[in-house]
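Before any comments, here is the structure.
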Amino acid sequence: MAQKKQKAKEVKSGEIVKGSLTQEPVGAVVEQLYGRTGARGEITQVLAKILGGRNEGKTMRRNVKGPVRIGDLLALRETEIEARRIRKNITKGAHS
């Protein structure tokens, strides 16, 4: 059987690669707080409006670790993946 050889991508220093985490951080402002999540409630889910980049003007749900208030600025490394919604009604497990 023939083996396929993968081509190695060469990235020059300082070059921005589309779709990777090597892009510059994008600013976002917190518009709404949804609630606490995480195993111990250490994560806050927020609605953030993107201030620049490819998704400028889009609002998306994000998880933030640490203290956060409405109007705070966030530096997002990527703006394509949105956080899953917090489930309010848990029907299984120890919380029922």
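The values are calculated or read from the model by the stated rules, or taken from the named source; none is laboratory data. The structure displayed is predicted, hence computed values, not measured ones. Because the Cβ atoms are built from the backbone with ideal geometry, glycine has one as well, and the counts that use them run over all protein chains shown.
Residue-by-condition table, conditions (1) modelled with pLDDT of 90 or more; (2) touching a Ser or Thr at 6+ places or on another chain (Cβ under 8 Å); (3) on the phi < 0 side of the Ramachandran plot; (4) of a type in the set (S, T, N, Q):
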residue: Gln6; (1), (2), (3), (4): no, no, yes, yes
residue: Leu21; (1), (2), (3), (4): no, no, yes, no
residue: Gln32; (1), (2), (3), (4): yes, no, yes, yes
residue: Thr44; (1), (2), (3), (4): yes, yes, yes, yes
residue: Leu47; (1), (2), (3), (4): yes, yes, yes, no
residue: Gly71; (1), (2), (3), (4): yes, no, no, no
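Testing Thr79 on (1) touching a residue at least 24 places away in the same chain (Cβ under 8 Å); (2) touching a Lys or Arg at 6+ places or on another chain (Cβ under 8 Å); (3) in a strand (DSSP E or B), one condition comes back false. Which one is that?
For Thr79, the failing item is (3).
If I go through the stretch 43-87 residue by residue, how many of them are loosely packed, with under 11 Cβ neighbours inside 10 Å and β-branched (Val, Ile, Thr)?
Selection size over the stretch 43-87: 1.
Looking only at residues that are among the hydrophobic types (A, V, I, L, M, F, W, C) and surrounded by 12 or more Cβ atoms within 10 Å (Cβ to Cβ) in the stretch 30-42, which one is farthest from Asp72 (Cα to Cα)?
So, considering only residues that are among the hydrophobic types (A, V, I, L, M, F, W, C) and surrounded by 12 or more Cβ atoms within 10 Å (Cβ to Cβ), the one farthest from Asp72 (Cα to Cα) is Leu33.
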